[in-house]
Amino acid sequence: MSGKKLLMIVGDFGEDYEIMVPFQALQAVGHEVHAVCPEKEAGDAIKTAIHDFRGDQTYLEERGHDFALTATFDEVDPADYDGLVVPGGRAPEYLRTYDEVLDAVRHFFEEEKPVATLCHGPQILAAAGVLDGYEMSSYPAVRAEVEAAGCSWVDGVVTDRNLVTARDWSDNAEWIAQFLDVLGTEIDHGAEAAAA
């Protein structure tokens with residue numbers, strides 16, 4: 001398998017499981033992932049948040065891990081990347097205010113490159129004006145925003161052309177698997193797995 005070069009746009013209080021899990025899973029199958037954040041450099045850390053569901057009207061937010069960035073946002077060129085990952089959490093609500101973030105997102109849609117996002121990540125895509133005509137998912141509270149951006153919303157993991165979306169981190173396994181399919185990633189478990 002030839003590994004792809006992927007860009008992941010993150011920020012403080014992005015969802016821990018939606019950053020750490022795809023970052024590690026995509027690397028585990030041979031892809032190179034550059035995690036970037038506006039106004040921060042490679043080696044700087046962002047603070048993540050863990051959002052949990054405990055029977056309240058909305059999720060509970062607790063402090064997650066520190067996550068080290070692997071590249072400097074101002075030094076990356078989206079044209080050098082094969083795909084984009086936009087995690088959710090609280091970060092998208094302010095990351096969408098950066099013109100350079102919106103410009104980067106637009107590049108991936110203009111070039112029809114693979115994009116994976118979930119939870120509140122679609123807020124950034126909606127702000128970039130790239131969602132018209134897509135069928136997609138998001139955290140249910142973001143549904144009105146993506147529908148206003150021209151989408152039809154689905155309650156589950158969805159792949160529509162170059163875009164793979166999901167509701168939240170509880171969809172990680174299926175969301176990452178569908179993104180790997182869109183990337184063209186082939187995983188061979190060998191003859192032993194086939195015989196089992």
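The values are calculated or read from the model by the stated rules, or taken from the named source; none is laboratory data. Bear in mind that the values here come from a model prediction, so they are computed numbers and not experimental data. Cβ atoms come from the backbone with ideal geometry, glycine included; neighbour counts cover every protein chain shown. Areas reflect the complete protein model, heavy atoms only, side chains present, ligands, DNA and RNA absent. Shrake-Rupley method; radii C 1.70, N 1.55, O 1.52, S 1.80 Å.
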Check: Largest first, how would W153, W169 line up by accessible area (1.4 Å probe)?
Finding: W169, W153
Check: By average Cβ neighbour count within 10 Å, what is the ranking of 28-34, 114-120, 59-65 from highest down?
Finding: 114-120, 28-34, 59-65
Checklist line | Convex hull volume of the chain per residue (C-alpha atoms, cubic angstrom) | finding: 127 Å³
Item checked: Whole-Å semi-axes of the ellipsoid equivalent to the range 1-114 (Cα gyration tensor, √5λ, descending) -> 24, 16, 14
Next item on the list: Please report, as a whole percent, how much of the solvent-accessible surface of the range 95-196 comes from carbon and sulfur atoms (probe radius 1.4 Å).
Entry: 45 percent
Next item on the list: Take the alpha-carbon positions of the range 102-144, form their convex hull, and give its projected area averaged over all directions (one quarter of the hull surface) in nm².
Entry: 2.9 nm²
Next item on the list: Identify which of D74, D16, D168 has the largest mean-square fluctuation in a Gaussian network model of the chain, with springs joining Cα atoms closer than 10 Å.
Entry: D74
Notebook entry, point to check: Quick one: if you stick a label point 7 Å off each Cα along the C-beta vector at T58 and D155, how many nm between them?
Noted result: 2.1 nm
Checklist line | MRE, 222 nm, helices only [DSSP H, n ≥ 4, -39500 (n - 2.57), over the chain, to nearest 500] | finding: -8500 deg cm²/dmol
Check: Roughly what % antiparallel, to the nearest 5, for the DSSP beta bridges in the chain?
Finding: 35 percent
Next item on the list: Please turn the phi angles of the range 41-51 into ³J(HN,Hα) values with the Karplus equation 6.51 cos²θ - 1.76 cosθ + 1.60 (θ = phi - 60°), one per residue in order, whole Hz, x for glycine and proline.
Entry: 10, 3, x, 5, 10, 9, 9, 9, 10, 10, 9
Item checked: Model label zone, E75; criterion: amide N under 15 Å from point 7 Å along Cα-to-beta-carbon; scope the range 6-44 -> 34-44
